[in-house]
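Visitor: Below are the structure tokens for one structure; questions will follow.
The values are calculated or read from the model by the stated rules, or taken from the named source; none is laboratory data. Please read all numbers here as calculations on a predicted model, not as lab measurements. Virtual Cβ from ideal backbone geometry, glycine too; neighbours counted across all protein chains shown.
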Amino acid sequence: MPDIKAHENQANHNIRFLNNFAGSCNDWSITVSFYSSLHVVEASIFNCSKIIYKTLTLNFKHTEDLKNYFRTHPKPLNHFDSEHAIRNVIVMETFQEIYDDYKNLYDNSRNARYSCQTITPVRVAICRGNLKTIADWAVKKHKVNITEKI
């Protein structure tokens, strides 16, 4: 399971990659923006003292830890098993300040990957703005080391 440094490195790597092809592949720009934000969120989870998930307040360092926790503990009502679904709930309940940005990236990346929609430069700019908001928040609130410029 990756530690905080691995998530920071992957987020920075993804952002660097994103910056190298910005403007040429809009669907991939959105997808990479989302996966960059995912690693920023995972690094934030690692640095967070309490994670709220449904009715539980827990101390975990990774989304996978919570998934493993439910293998031996009762699951809360409406529990989700995928790490994406679990992470979405964690962001919604623990990191409310960035939920709208994260959800927009999540939804747009799914559309970009599966719906074969034409992605406009405006949509890419909005998603990059979402990523920047999430990264700035994580740097400030959770001391996540994001060094690449978005």
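Visitor: Only one residue in His62, His7 is closer than 19 Å to Val144 by Cα, at pLDDT 80 or above and surrounded by 14 or more Cβ atoms within 10 Å (Cβ to Cβ). Which one? Steps first, please.
Guide: Details: His62 fails: at pLDDT 80 or above.
Being closer than 19 Å to Val144 by Cα, at pLDDT 80 or above and surrounded by 14 or more Cβ atoms within 10 Å (Cβ to Cβ) holds for just one of His62, His7, which is His7.
Visitor: Still on this structure: So which pairs qualify, if the first residue must be in region 22-40 and in contact (Cβ under 8 Å) with a residue 40 or more places away in the chain and crowded, with 23+ Cβ neighbours inside 10 Å, the second must be charged (D, E, K, R) and assigned to a helix (DSSP H, G or I), the Cβ gap must be under 6 Å, and the two must be at least 6 apart or on different chains?
Guide: Ser33/Arg128
Visitor: Limited to region 82-111, what total is found for residues that are polar (S, T, N, Q) and in contact with a strand residue (DSSP E or B) (Cβ under 7 Å, 6 or more places away or on another chain)? If you could, list the steps in order and put the result at the bottom.
Guide: So in region 82-111, the residues polar (S, T, N, Q) come out as 82, 88, 94, 96, 104, 108-109, 111.
Narrowing further to those that are in contact with a strand residue (DSSP E or B) (Cβ under 7 Å, 6 or more places away or on another chain): 94.
Residues flagged as polar (S, T, N, Q) and in contact with a strand residue (DSSP E or B) (Cβ under 7 Å, 6 or more places away or on another chain) within region 82-111 amount to 1.
Visitor: Quick check, is Asp100 within 12 Å of the chain's Cα centre (by Cα), part of a helix (DSSP H, G or I), charged (D, E, K, R) and modelled with pLDDT of 95 or more? Steps first, please.
Guide: Working: within 12 Å of the chain's Cα centre (by Cα): yes; part of a helix (DSSP H, G or I): yes; charged (D, E, K, R): yes; modelled with pLDDT of 95 or more: yes.
So Asp100 fits the description; yes.
Visitor: Cβ-Cβ below 7 Å, separation at least six or inter-chain, first residue in region 97-108 and over 13 Å from Gly129 (Cβ atoms), second surrounded by 21 or more Cβ atoms within 10 Å (Cβ to Cβ): which pairs?
Guide: Tyr99/Val91; Tyr106/Phe34
Visitor: Okay, next question. Being in a helix (DSSP H, G or I), out of contact with any strand residue (DSSP E or B) (no Cβ under 6 Å at 6 or more places or on another chain), in contact (Cβ under 8 Å) with a residue 40 or more places away in the chain and surrounded by fewer than 16 Cβ atoms within 10 Å (Cβ to Cβ) is the requirement here; does Asn19 meet it? Full working, then the answer.
Guide: Values: in a helix (DSSP H, G or I): yes; out of contact with any strand residue (DSSP E or B) (no Cβ under 6 Å at 6 or more places or on another chain): yes; in contact (Cβ under 8 Å) with a residue 40 or more places away in the chain: yes; surrounded by fewer than 16 Cβ atoms within 10 Å (Cβ to Cβ): yes.
In short, yes.
Visitor: Let me ask something else. If the Cβ limit is 8 Å and pairs must be 6+ apart or interchain, which residue in region 139-150 that is under 13 Å from Glu8 (Cα atoms) pairs with which residue that is assigned to a loop (DSSP other than H, G, I, E, B)?
Guide: If the second residue must be assigned to a loop (DSSP other than H, G, I, E, B), the pairs left are Val139/Asn145; Val139/Ile146; His142/Cys48.
Visitor: So, one more: Of everything in region 106-149 that's at pLDDT 95 or above and assigned to a loop (DSSP other than H, G, I, E, B), which residue is surrounded by the most Cβ atoms within 10 Å (Cβ to Cβ)?
Guide: The extreme case among them is Val144.
Visitor: Output the number of residues of region 33-62 satisfying the condition of being in a strand (DSSP E or B) and not hydroxyl-bearing (Ser, Thr, Tyr).
Guide: The qualifying residues number 4.
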